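Participant: Submitted below is the structure of interest, expressed as structure tokens.
The values are calculated or read from the model by the stated rules, or taken from the named source; none is laboratory data. Treat the numbers as computed from the prediction; the structure is a model and nothing was measured. Here the Cβ positions follow ideal geometry from the backbone for every residue, glycine too, while neighbour counts run over all protein chains shown. Surface accessibility is based on the protein's heavy atoms, side chains included, excluding ligands, DNA and RNA. Shrake-Rupley method; radii C 1.70, N 1.55, O 1.52, S 1.80 Å.
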Amino acid sequence: MTKPNFKPLQNIQSSVPDIFTPAQVGRYELANRAVMAPLTRNRAGEGGVPRAMNVEYYRQRASAGLIITEGSPISAQGVGYPGTPGIYTSEQVAGWKRVTDAVHDEGGCIFLQLWHVGRISHPSLQPDGELPVAPSAIQPMGEAFTADGLKPFPTPRALETDEIADVVTQFRTAAENALEAGFDGVEVHAANGYLLDQFLRDGSNHRTDRYGGSLENRVRLLLEVTEAVVEVWGADRVGVRFSPVNGFNDIRDSAPDVTFPYAASRLNRFGLAYLHVVEASFVGEEHPRTFDKAKLRRVFKGAYMANGGYGHQTAETALAAGAADVIAFGTPFLANPDLVERFALGAALNEPDPETFYGGDERGDLDYPFLGDPVTAVTATAA
Ligand code: PHB
């Protein structure tokens, strides 16, 4: 006789996860499902070295189920903004070690985001004032943040086929450095119009070699990079980030509903910890409106991390519906170091201050109050 195939109602109910339910993501059981999304803060010290302010910033936010750091340039060529903390010099590695120690002291888990900006840069940010590199010599619309203010992005230089192995090596070396710096894992940044995304999408990749043209060719660099990073870390400590509908950085693809599920399916052979999907566009609705994110979730074998404008209730709805395994919050974590506790108590959130997002000092970085903090000196001065 076969056993009846049912579970007591109570078990079914308790198996519906919420933000406070631990989640298995690759090798790790995360304490909760609220991930801190990568957030560019442009506050690294000289030479792109993480400094005391950065250590404190991440320490404050260690109650996230997982912190993903701001994008960390993997090489001097990968830099596109001032004040971004890199992972390609020994000083940077030592700086990040202080960050990971602080987060671990607080019981947190932290992945580094491996970042190469490709064409989203400027000669003044590049070694020897060279042109930024890209899959193809196509000038993106928009302006770079240089030390002398905003400057139009130049037409980049297309990478030669035989230079691409060096890009893979840049990712591999950076992954090794991240291991040395004490991170728990790494995220490969293949989103938001930066180098790997420039290869994936047909608006920016017009190559005719084995890295361009067909979908299979456009995905090749991502797969080579992922393979190199997985060799360093093991797949269960590696995630990849996509942003299928984001038109930020003047990026576009003629068929994101084909490109990204295909790329996700090709990643399956590694057994990665997670796929992190920016589901929104940073630049309004000019980019494809209808994207089947449920298809991407179905195709990918691994945890699905959703990002893009989620709040407490929308996150709970997505988790309960099984639309995502974990949710990455950006500005809510920026402005609320104790976001998880605030969610648990149903407490009001601090409002993020866009004026202090990029660059500057401790203000807007370290002085967002925790629940129960007395009014801070900074707030008092400002009042
Ligand atoms: C930014 O600095 O605006 C930025 C950086 C990396 C991203 C997205 C935005 O992935």
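Participant: Just wondering, is there one or more residues in region 281-300 that are away from the ligand (no atom under 16 Å from the Cβ), under 21 Å from ALA228 (Cβ atoms), outside any helix (DSSP H, G or I) and of a type outside the set (Val, Ile, Thr)?
Facilitator: Scanning region 281-300 turns up at least one residue that is away from the ligand (no atom under 16 Å from the Cβ), under 21 Å from ALA228 (Cβ atoms), outside any helix (DSSP H, G or I) and of a type outside the set (Val, Ile, Thr).
Participant: Filter region 109-158 down to residues that are among the acidic types (Asp, Glu) and away from the ligand (no atom under 13 Å from the Cβ) and give me whichever is most open to solvent (accessible area, probe 1.4 Å).
Facilitator: Looking only at region 109-158, we keep the residues that are among the acidic types (Asp, Glu), and these are 128, 130, 143, 148.
This time we only want the ones that are away from the ligand (no atom under 13 Å from the Cβ), so: 128, 130, 148.
Values: ASP128: 141, GLU130: 98, ASP148: 123 Å².
Out of the qualifying residues, it is ASP128.
Participant: Another question about this same structure. Name the single residue, out of those in region 71-80 being part of a loop (DSSP other than H, G, I, E, B) and buried (at least 21 other Cβ atoms within 10 Å of the Cβ), that is nearest to the ligand (Cβ to nearest atom).
Facilitator: Looking at residues that are part of a loop (DSSP other than H, G, I, E, B) and buried (at least 21 other Cβ atoms within 10 Å of the Cβ), I get GLY80.
Participant: Quick one: PRO85 ticks every box in (1) in a loop (DSSP other than H, G, I, E, B); (2) farther than 25 Å from GLY360 by Cβ except a single one, so which number is it?
Facilitator: (2)
Participant: List the residue pairs whose Cβ atoms are under 9 Å apart, where the first residue sits in region 35-46 and is assigned to a strand (DSSP E or B), the second is within 12 Å of the ligand (Cβ to nearest atom) and not polar (S, T, N, Q), and the two are 6 or more positions apart or on different chains.
Facilitator: VAL35/ILE68; VAL35/HIS276; VAL35/ALA328; MET36/ILE68; MET36/ALA328; MET36/GLY330; GLY45/GLY83
One line per residue, one yes/no per condition, for (1) within 14 Å of the ligand (Cβ to nearest atom); (2) closer than 16 Å to GLY118 by Cβ; (3) buried (at least 22 other Cβ atoms within 10 Å of the Cβ):
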{"residue": "HIS189", "(1), (2), (3)": "yes, yes, yes"}
{"residue": "TYR194", "(1), (2), (3)": "yes, yes, yes"}
{"residue": "ASP202", "(1), (2), (3)": "no, yes, no"}
{"residue": "ARG207", "(1), (2), (3)": "no, yes, no"}
{"residue": "TYR211", "(1), (2), (3)": "no, yes, no"}
{"residue": "GLU227", "(1), (2), (3)": "no, no, no"}
{"residue": "ASP257", "(1), (2), (3)": "no, no, no"}
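Participant: State which residue is farthest from ASN336 (Cα to Cα) when the search covers only region 348-363 and only residues that are within 16 Å of the ligand (Cβ to nearest atom) and loosely packed, with under 13 Cβ neighbours inside 10 Å.
Facilitator: Of everything passing the filter in region 348-363, GLU355 is farthest from ASN336 (Cα to Cα).
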